[in-house]
Amino acid sequence: MNCFNKSIYSIIGTFFMMLVRIHAQSGIPPTDIERVGQSGWQFLKINGDPRQASMGGAFTAISKGDASAVFGNPAALSDVQNYNVQFNILQWVADISHQSAAFALNLGDVGVVGASIAMLDYGDIPETINAPSGTNGTSPLVTGNMFTANDVAAGVSYARKITDNLSVGGNVRWVQQQIAELSMHNWSLDFGTMYYTGFRSLRIAITARNFGPDSRFGGWSEEYQTESDNIRMPLDFRAGIAMDFFDDSDGPHLMTVVVEGDHPNDGKEKFHIGTSYCFDSMFFVRGGYKFNYDVQRFTFGAGINYVLGETVVSVHYAYVDFSELTQAHMFSVGFSY
């Protein structure tokens, strides 16, 4: 094993140990503090790609990426052969809708470039105010007026194969959140790697997402004589491992298994496991499970690739179980050459 491979394995091993021992390093029992609610920009955690969502959200080590890799591990963009376009629609909980689109173009030795946009619409929300009630008291009162809120993230991406075994990629995104007449802007950086170990199709991937400065939702308030608190970005570090089965034969079957650990800066550690079965590079069935979540659990989905001349049309669906919050449905349509 050469020095380069030793370095890669050392970095990967260190990251996995961090996921397992993160609470012990702090000296605080895991049940005493979980960092919940310590960041904003929560819509950046939503991945509207059905292919990634249906595998338990384990997106780091999924190979053969399409343009929607920008919403997971941007290093997988390096698998785009010519160009790829993806459109995703997600019906989230509480009548919240999420739409996203991505485009990727292979520039040969230069690498693969991409562009994307994601939008979250909260729909119409009834306005309430604190109205006087009783002696020196108040109670919420519905005014009959409506307001809305929405979030937007737009960015550019780049990925490249450094060697036959190692790919790297990243995103730069401009983000905005708006509620009624208030809004704030920010920017974020995402990084990803994909490394093939050389043992069959075994690969290991690492992502670090949503790096960016703190921001404020509004300025000085004369009413409260203070400024709004700093809002942190939802930093997210993941490490995943995946392997394909039946890929060494000439048969039509291919099965992929992915396992992933997730360390966010605003919650407890989470784990994802997913699997995908493909028949004849055309039909797909997927499933997964999310561990250590409050409500999200099972996921499953299906997809189809259909060749039209020199263009491949792909259609994918995903179902995400939210337990008491019912479920979410995702759809996507993609085109590649």
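Just a few scattered comments:
- The slack in the chain from ALA94 to PHE246, taken as 0.36 nm per residue of separation less the alpha-carbon distance, amounts to 50.6 nm.
- Here the simple spin-label model places points 7 Å from the Cα toward Cβ, and for ASN82 and TRP187 these points are separated by 3.4 nm.
- Total charge dipole magnitude, segment 248-337, about the Cα centre, Cβ charges on Lys, Arg, Asp, Glu only, Debye to nearest 20: 200 debye
- Protection proxy ranking of 150-162, 304-316, by the mean of other Cβ atoms within 10 Å over each peptide's residues and highest first, is 150-162, 304-316.
- For segment 48-83 and segment 150-224, distance of Cα centres in Å: 14 Å
- Net charge dipole size for segment 75-215 [Lys, Arg +1 and Asp, Glu -1 on Cβ; Debye, nearest 20]: 640 debye
- Model label sites at VAL295 and LYS64, defined 7 Å from Cα along the beta-carbon direction, differ in position by 3.4 nm.
Just so you know, all these numbers are worked out from the coordinates, no wet-lab data involved. Just so it is clear, the model here is predicted, and its values are computed rather than measured. Quick reminder, even Gly has a Cβ in these numbers, built from the backbone with ideal geometry, and neighbours come from all protein chains shown.
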